[in-house]
Amino acid sequence: MTGERKCPECNVIIKGRQDKKYCSDHCRSHANYIVKRVGDEHIINIIDTALKNNRKILLQLSIGGKKMVKKELLMAKGFNFKHYTTIVHLPAGGLCFYCYDVGYSFINNSDIILVKSRH
């Protein structure tokens, strides 16, 4: 029979409605799981790459410990302020944002202090 449709998951011949895509609920569910898992892994990889890039930029600029830089410099180097791993409330007020072990804190809208390690 030339018009046979096969399940994209298990390659079994599909019986039933003409618009049926999978041979069983199990195959349908498994296919949707794989699509979702691959999609989630892709998003995680994008975020992880941004975090690693942020850390690399902070490390390059914080050689020697604490250092003050302009926000524009970080942005020019490709720093993404949306991605960080931890936020620490500072005793004097304010926040320190960390990309793994390297952090930064806003002094004002354009000045940032870099902190090499939180250990």
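The figures follow:
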read-out: From ASN80, ASN45, ASN109, residue being at pLDDT 95 or above and farther than 30 Å from GLY3 by Cβ; value: ASN80
read-out: Residue in region 13-29 that is under 27 Å from the mean Cα position of the chain (by Cα) and without any contact (Cβ under 8 Å) to a residue 24 or more places away in the chain present; value: yes
read-out: Some residue of region 95-116 being free of Cβ contacts under 8 Å to residues at least 60 places away in the same chain, on the phi > 0 side of the Ramachandran plot and small (Gly, Ala, Ser); value: no
read-out: Given (1) under 33 Å from the mean Cα position of the chain (by Cα); (2) farther than 30 Å from GLY78 by Cα; (3) exposed (fewer than 10 other Cβ atoms within 10 Å of the Cβ), index of the condition ILE63 fails; value: (2)
read-out: Yes/no for LYS52 being modelled with pLDDT of 95 or more, farther than 13 Å from LYS116 by Cβ and surrounded by fewer than 16 Cβ atoms within 10 Å (Cβ to Cβ); value: yes
read-out: Evaluation of ILE57 against (1) over 23 Å from CYS96 (Cα atoms); (2) surrounded by 15 or more Cβ atoms within 10 Å (Cβ to Cβ); (3) hydrophobic (A, V, I, L, M, F, W, C) (one fails), failing number; value: (1)
read-out: Members of region 67-76 that are closer than 16 Å to GLY103 by Cα and either in contact with a strand residue (DSSP E or B) (Cβ under 6 Å, 6 or more places away or on another chain) or without any contact (Cβ under 8 Å) to a residue 24 or more places away in the chain (or both); value: LYS67, MET68, VAL69, LYS71, LEU73, MET75
read-out: Scope region 44-58; condition among the aliphatic types (A, V, I, L, M) and over 14 Å from ASN80 (Cβ atoms); matching residues; value: ILE44
read-out: Leading residue by the ranking (nearest to GLN60 (Cα to Cα)) among those in region 86-110 that are under 22 Å from the mean Cα position of the chain (by Cα) and of a type in the set (A, V, I, L, M); value: VAL102
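The values are calculated or read from the model by the stated rules, or taken from the named source; none is laboratory data. It should be emphasised that the depicted structure is a prediction, and the values quoted were computed from it without experimental measurement. Because the Cβ atoms are built from the backbone with ideal geometry, glycine has one as well, and the counts that use them run over all protein chains shown.
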